[in-house]
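The values are calculated or read from the model by the stated rules, or taken from the named source; none is laboratory data. The model shown is predicted, which means the values in this text are computed figures rather than measured ones. Here the Cβ positions follow ideal geometry from the backbone for every residue, glycine too, while neighbour counts run over all protein chains shown. These accessible areas exclude ligands, DNA and RNA; they are computed on the full protein's heavy atoms, side chains included. Shrake-Rupley method; radii C 1.70, N 1.55, O 1.52, S 1.80 Å.
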Amino acid sequence: MSRMDVSELARLAAPASMADVVALAAVGLGLATHLLRGIAWDKPDPYHGVWFERPQLRDAGAAPRQKATRNIAQRLAEFNKDIVIFWGSQSGTAEAFANRLARECHLRFGQAVLTADLSDYDVDTITLIPESKLAIFMLSTFGEGDPSDNATALWEWLRNDASEVRLQNLRYVAFGLGNSNYKHYNRVVDVVVEALDNAGARRLMPIGRADDANGGTEEAFIAWKDELHSFLVEKLGFQQRRVPYEPSFAVVEDTSLSPIDLHHGEPVSRRSGIAKARNAYSPVKSLAIQEVRHIGDSSEASCLHIELDLVEHPELRYQTGDHLAIYPINPDEEMQLIMEAVGIRARADTPLLITPLEEATKATIPSPTTALALFRHYLEICAPVSRDTIRELANFAPSQKAKDFLKSLGEDKEAYASYTAKTHVTIGRLLSLAAPNIVWKDLPLSYLVETIPPLQPRYYSVSSSSSATPRRASLTVAVDKTQLPGDPSKEIPGLTTHYLLALADSINGTTTTRQSLPSADSHRVFAHIRRSPFKLPSLASKPVIMIAAGTGIAPFRAFVQERARLRAVSGKPVGRMVLFFGCRRPDDGYLYREELARAAEDGMLEVVVAFSRSGRGMYVQDCVAEKGEESWSQFAKKRNQWLEDVWG
Ligand SMILES: Cc1cc2nc3c(=O)[nH]c(=O)nc-3n(C[C@H](O)[C@H](O)[C@H](O)COP(=O)(O)O)c2cc1C
């Protein structure tokens, strides 16, 4: 990286909000990762903050099923399906879109559609899909222009074996999900489409691309879907029909089941497909919270340091730099709203059996369960409701007034945008706003089960070192709130962070959030560990430059602890570490101040702090530009030396 690159970084917009700070943290990590690319680790992984993962509870479902074939062509033939929708999704959006599109193709055109998690099939069997079928690819881009975990096999197959792949029979369309704020915007769909085309596949429509930069993903999907529908009618001769709803799941109350047989909220282990093959995820376990304390709080922001006990679970091992997934629970208020609206509140504890009506449909919710567990633990009920769903809900409305209201909102893009800018329309709120105090008796629970996405775990970088505290993992979590763009007086609390805040309140006897916990809460969280390639250089003598703002410091705290431990145990010197850290003021957001000062006193760490609201008002990128020059030239010298050592 040249001096110009550093000043370019300094020129970037100064952060003015929490979102900026988060973006800044990502830029910081990106830079650090870039500097150490190929030296400290093989594959850069600059996203140290909250991580996402596919939300599906893979092995969920009541009865054990026969092992499904991994041959996609065979599966399509077995279930007589006309269309396959492949999805590659990290945080669940592409998966939810694939399910919505499948339902719509079935209801509108009577087509038999299979949605396919890419990691459930051997990707080379795509070559066997006959010409009579249509394939739809819905792919998101993650990391640094990388595929989602479940699309890795497709990615590697198309890139590594490109010259051998023959796809003359494949007719397909593709839709990509990305964000133009990232350097490699929608790279995955572009690379995959290029490879498919080169292999002789016939692309029937231009690629659809969703840009999440300004929250445009949903509308881009609706627009692309409308184009696809017109194409299917006009070019492929599909006949339209009008079927408002056909369930894919049977949801029935079964009082014969005993409470001990029910899933009361524990997530089902997600170790399947590629993740299992690569041992990327640990099993999900219930972890006791050993300690939780507020650090670096200010009037504007709150930050938690949480220590989780791993002693009870010897099989749970983390490595410094790994991520930990927390399974949140929905707030009671939202849960009650929805149960009230569908008239199930009095039967919240009644056993519910949720069974796919077709063998080809994958279970996403553990069954048997209860309505309480369904809405508290298993469905993402705090997310805004999509315009498509609002339009569909009009079919089940309990009054003409409610129907008209939902239609006006669902069919008018502008009306929906301005309403949702001022109102946080979660499913429970929407139902109660559209028809106050009326039970939606025609709204089947199965519709909610298949329409509301499964609740996803949220990922955080572990902020402790596995060498220093192998049986205890800590997290550093900024408690976030999002202001509604059309009414900044309304703040939407972050789901997981406010759940963690409620736990902190309960443990410490404080009251900092309105969110309450279930009465029987035992101060434990469901969690699993995800392997991360974001690691310290394997040679402890290598110097490291770290750049972070706010809670982006989490993995670097772990790195500092790791090296300190190594030095204490081996008695040997370790490489120089420089940490550029950005926060507001010396008394606002300066996380782990004393700890960092101690490491600095020991001579193994240099901390360069940028205070954005104090003194000269510096941001971390200013510090990198101003003070980083000297560190950089030293680093560059060393780097050249390593390159010579490695490459000769
Ligand atoms: C950590 C992270 C990294 C991302 N990297 C990229 C990227 O490199 N290129 C891009 O176009 N979009 C990127 N995105 C945006 C996602 O592709 C976008 O949010 C998409 O809607 C997610 O779809 P999914 O939920 O199906 O995975 C990234 C998002 C996150 C949270």
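Selection of the stretch 199-212 for residues being aliphatic (A, V, I, L, M) and either more than 13 Å from the ligand (Cβ to nearest atom) or open to solvent by 30 Å² or more (accessible area, probe 1.4 Å) (or both) yields ALA199, ALA201, LEU204, MET205, ILE207.
Summed over the stretch 585-617, residues that are crowded, with 22+ Cβ neighbours inside 10 Å, in a loop (DSSP other than H, G, I, E, B) and not hydroxyl-bearing (Ser, Thr, Tyr) total 2.
So which of ALA223, ALA162, ALA153 ends up being of a type in the set (A, V, I, L, M) and either crowded, with 19+ Cβ neighbours inside 10 Å or within 13 Å of the ligand (Cβ to nearest atom) (or both)?
Working: ALA223 fails: either crowded, with 19+ Cβ neighbours inside 10 Å or within 13 Å of the ligand (Cβ to nearest atom) (or both); ALA162 fails: either crowded, with 19+ Cβ neighbours inside 10 Å or within 13 Å of the ligand (Cβ to nearest atom) (or both).
ALA153 is the lone residue from the list that is of a type in the set (A, V, I, L, M) and either crowded, with 19+ Cβ neighbours inside 10 Å or within 13 Å of the ligand (Cβ to nearest atom) (or both).
Of all residues in the stretch 332-371, those being more than 27 Å from ALA112 (Cα to Cα) and at pLDDT below 95 number 2.
Would you confirm, using the coordinates I've provided, whether ASP82 is of a type outside the set (Lys, Arg), out of contact with any helix residue (DSSP H, G or I) (no Cβ under 6 Å at 6 or more places or on another chain), surrounded by fewer than 21 Cβ atoms within 10 Å (Cβ to Cβ) and under 28 Å from TYR245 (Cβ atoms)? Don't jump to the end; show me each part of the working.
Working: of a type outside the set (Lys, Arg): yes; out of contact with any helix residue (DSSP H, G or I) (no Cβ under 6 Å at 6 or more places or on another chain): yes; surrounded by fewer than 21 Cβ atoms within 10 Å (Cβ to Cβ): yes; under 28 Å from TYR245 (Cβ atoms): yes.
Answer is yes for this residue.
Could we say that GLY176 is in contact with a His (Cβ under 6 Å, 6 or more places away or on another chain) and within 16 Å of the ligand (Cβ to nearest atom) here? Taking the combined requirement at face value, the residue does not satisfy it. With respect to (1) at pLDDT 95 or above; (2) in a loop (DSSP other than H, G, I, E, B), the lone exception for ARG565 is condition (2).
Taking every residue in the stretch 203-223 that is acidic (Asp, Glu) and pairing it with any residue that is not in a helix (DSSP H, G or I), at least 6 positions away or on another chain, the pairs with Cβ-Cβ distances below 6 Å are ASP211/SER180; ASP212/ASN179; GLU218/SER386. In the stretch 277-302, the residue that is nearest to SER119 (Cα to Cα) out of those that are modelled with pLDDT of 95 or more and hydrophobic (A, V, I, L, M, F, W, C) is LEU287. Is it the case that SER446 is closer than 23 Å to TYR416 by Cα and hydroxyl-bearing (Ser, Thr, Tyr)? When the stated conditions are applied, SER446 does not pass them. One residue stands out in the stretch 83-104 among those that are modelled with pLDDT under 95 and away from the ligand (no atom under 13 Å from the Cβ): the one that is nearest to VAL284 (Cα to Cα), namely ARG103. Filtering the stretch 544-562 to residues that are in contact with a helix residue (DSSP H, G or I) (Cβ under 6 Å, 6 or more places away or on another chain) and either assigned to a helix (DSSP H, G or I) or of a type in the set (Phe, Trp, Tyr) (or both) leaves GLY550, GLY552, VAL560.
Residues that are in contact with a Phe, Trp or Tyr (Cβ under 7 Å, 6 or more places away or on another chain): which strands (runs of 3 or more DSSP E) entirely in the stretch 276-337 hold 3 or more of them? Let's see the steps before the verdict.
Details: elements: 285-294, 302-309, 323-326.
Here the list reads 323-326.
Identify, from the list ALA473, ALA502, the residue that is crowded, with 18+ Cβ neighbours inside 10 Å, farther than 30 Å from SER399 by Cα and without any contact (Cβ under 8 Å) to a residue 24 or more places away in the chain.
Working: ALA473 fails: without any contact (Cβ under 8 Å) to a residue 24 or more places away in the chain.
Exactly one of ALA473, ALA502 is crowded, with 18+ Cβ neighbours inside 10 Å, farther than 30 Å from SER399 by Cα and without any contact (Cβ under 8 Å) to a residue 24 or more places away in the chain, namely ALA502.
Return the residue satisfying two criteria in turn: it lies in the stretch 165-177 and is within 27 Å of the chain's Cα centre (by Cα) and either farther than 28 Å from ASP226 by Cβ or among the small types (Gly, Ala, Ser) (or both), and of such residues it is surrounded by the most Cβ atoms within 10 Å (Cβ to Cβ). Filtering first and then ranking leaves GLY176. Note on the stretch 179-198: residues that are more than 10 Å from the ligand (Cβ to nearest atom), open to solvent by 40 Å² or more (accessible area, probe 1.4 Å) and touching a helix residue (DSSP H, G or I) at 6+ places or on another chain (Cβ under 8 Å) total 1.
Taking the stretch 417-436 as the search range and keeping residues that are in a helix (DSSP H, G or I) and open to solvent by less than 30 Å² (accessible area, probe 1.4 Å), which one is modelled with the lowest pLDDT?
Only one residue fits best here, namely ALA421.
The single condition among (1) modelled with pLDDT of 95 or more; (2) within 31 Å of the chain's Cα centre (by Cα); (3) open to solvent by 40 Å² or more (accessible area, probe 1.4 Å) that PHE556 does not meet is (3). So is GLY550 free of Cβ contacts under 8 Å to residues at least 40 places away in the same chain and among the small types (Gly, Ala, Ser) or not? Taking the combined requirement at face value, the residue does not satisfy it.
Which residues, counting only those in the stretch 130-150, are more than 10 Å from the ligand (Cβ to nearest atom) and open to solvent by less than 10 Å² (accessible area, probe 1.4 Å)? Passing the criteria: LEU134, ALA135, ILE136, PHE137. Applying the criterion of being at pLDDT below 95 and in a strand (DSSP E or B) to the residues of the stretch 437-468, the residue that is most open to solvent (accessible area, probe 1.4 Å) is ARG458.
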